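*Asks:* Sharing a structure here in structure tokens format.
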Amino acid sequence: MKIAILPGDGIGTEIVAEAVKVLKVLDLSFEMEAALVGGAAYEAHGHPLPESTLNLAKAADAVLFGAVGDWKYDKLERALRPEQAILGLRKNLGLFANFRPAICYEQLTHASSLKPELVAGLDILIIRELTGDIYFGQPRGRRTAVDGLFPGAEEAFDTMRYSRPEVERIAHVAFQAARRRNKRVTSVDKANVLETFQFWKDIMIEVGQQYPDVALDHMYVDNAAMQLVKAPKKFDVVVTGNMFGDILSDEAAMLTGSIGMLPSASLNDRNQGLYEPSHGSAPDIAGQGVANPLATILSAAMMLRYSLNQPEAADRIESAVSAVLSTGLRTGDIWSEGTQRVGTREMGDAVVAALVGNTSGKTITTMTKS
Ligand SMILES: NC(=O)C1=CN([C@@H]2O[C@H](COP(=O)(O)OP(=O)(O)OC[C@H]3O[C@@H](n4cnc5c(N)ncnc54)[C@H](O)[C@@H]3O)[C@@H](O)[C@H]2O)C=CC1
Ligand SMILES: CC(C)CC(=O)C(=O)O
Ligand SMILES: [Mg+2]
């Protein structure tokens, strides 16, 4: 088994280093090979997704990804921007099903910006379609308007589109996931305005008929954004398109305490997957050693479960994360009064220590130095 390690930019390198440390201590028999991606690859090879990196990802059983992007690349032509690397990987590997579980660990109930009673025990799953929608639709570009309110003016346009097979396959993924959970699917759309999402909703209803044991309801995306902070525990599985899922999953991250706690798995129809935290490269804190590595470590656990057939090892990582949170260690984003603030490396070391069965502060310090 082979894992491609693609740390990327900003905090990507810091958090992936901790996840790799955790994987190594499990001593499982898989090979890891690292490559540059995003801005780092652009600097070295003139392209954010060099062919060598793409080929490594394609040949691997799974990809562990950090994050890409930095403000300094925002003026580059779009094809060369770091974000094209993650979009290109998703498209080229056919990773259409993105799982973003928003789970509030009981130790972090008070870290959320919401009232503790709203998030205590929260366990919802956002399933985001990942290779279609307005993020990939063609045509797109800039032109001179020939009609509309200001003919002759400069304008920009993108295309929102979904084909029937794209919606059908993500619908099946959602209904099957719900069968393994609380048997409820909420399909989030904007069918009251957008033809693309009336089509989406119609297909959800059709596919839902094959799953009579799963309750299906529908919610407009604006209401869903509101309900997520009003009564998040009412949801079980949320299935939605690429752009709405991108936005709602960042919102859901705050229900768990921080975006630094939200892992993700992006799967294709062969269970090959790319695993990454739901956040970006966080240029505002990059290089400071303060980023929370737990979303990436939990993404590595998802990788062991979904792509590498190592469910026990995945359970061990998740238990270790919970144990570390119980000792009161916190990176800045989840820190609250009465807990101990640590950096990225110390948090990774603590998870390693919990995995090898020693959670004392002394051992943690020793491991950091060795
Ligand atoms: N999959 C990817 O590679 C993604 C890349 N991006 C890119 O990342 C760059 C930054 O984008 P932003 O909009 O600022 O989103 P971001 O997710 O990188 O950061 C948003 C906020 O959350 C904080 N944050 C994120 N991860 C954290 C962690 N692990 N621990 C503690 N705090 C954390 C950041 O410090 C920042 O204040 C952009 O270039 C963007 O395009 C954004 C999202 C996903
Ligand atoms: C480049 C973006 C589409 C990445 C992002 O925001 C995400 O996947 O959550
Ligand atoms: Mg996002």
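*Asks:* For region 76-193, which fully contained strands (runs of 3 or more DSSP E) count at least 3 residues that are touching a strand residue (DSSP E or B) at 6+ places or on another chain (Cβ under 6 Å)?
*Replies:* Qualifying strands (runs of 3 or more DSSP E): 97-103, 123-129, 184-189.
*Asks:* State yes or no: is residue 89 in the same structural domain as residue 47 (by TED's automatic domain parsing), more than 15 Å from ligand 3 (Cβ to nearest atom), closer than 29 Å to residue 318 by Cα and open to solvent by less than 40 Å² (accessible area, probe 1.4 Å)?
*Replies:* Judged against the criteria, residue 89 is not a match.
*Asks:* Within region 216-333, which helices (runs of 4 or more DSSP H) (wholly inside it) include 2 or more residues that are open to solvent by 10 Å² or more (accessible area, probe 1.4 Å) and away from ligand 3 (no atom under 16 Å from the Cβ)?
*Replies:* Filter on region 216-333 gives 221-230, 294-306, 311-326.
*Asks:* Yes or no: region 107-129 includes at least one residue that is open to solvent by less than 40 Å² (accessible area, probe 1.4 Å), touching a Leu at 6+ places or on another chain (Cβ under 9 Å) and either within 16 Å of ligand 2 (Cβ to nearest atom) or of a type in the set (D, E, K, R) (or both).
*Replies:* Within region 107-129, one or more residues are open to solvent by less than 40 Å² (accessible area, probe 1.4 Å), touching a Leu at 6+ places or on another chain (Cβ under 9 Å) and either within 16 Å of ligand 2 (Cβ to nearest atom) or of a type in the set (D, E, K, R) (or both).
*Asks:* Conditions: (1) open to solvent by 40 Å² or more (accessible area, probe 1.4 Å); (2) polar (S, T, N, Q); (3) at pLDDT 95 or above. Residue 53 meets all but one. Number of the miss?
*Replies:* It is condition (1) that residue 53 fails.
*Asks:* Let me ask something else. Filtering region 3-29 down to residues that are open to solvent by 30 Å² or more (accessible area, probe 1.4 Å) and more than 21 Å from the chain's Cα centre (by Cα), which residue is farthest from ligand 1 (Cβ to nearest atom)?
*Replies:* 29
*Asks:* Checking residue 195 against (1) surrounded by fewer than 24 Cβ atoms within 10 Å (Cβ to Cβ); (2) within 16 Å of ligand 2 (Cβ to nearest atom); (3) among the acidic types (Asp, Glu), which test does it fail?
*Replies:* If we test residue 195 against (1) surrounded by fewer than 24 Cβ atoms within 10 Å (Cβ to Cβ); (2) within 16 Å of ligand 2 (Cβ to nearest atom); (3) among the acidic types (Asp, Glu), just (2) comes out false.
The values are calculated or read from the model by the stated rules, or taken from the named source; none is laboratory data. Small disclaimer: the values here were computed from a predicted structure and weren't measured. Cβ sites come from the backbone with ideal geometry, for glycine too, and all protein chains shown count toward neighbours. Side chains included, ligands, DNA and RNA excluded: accessible areas come from the protein's heavy atoms. Shrake-Rupley method; radii C 1.70, N 1.55, O 1.52, S 1.80 Å.
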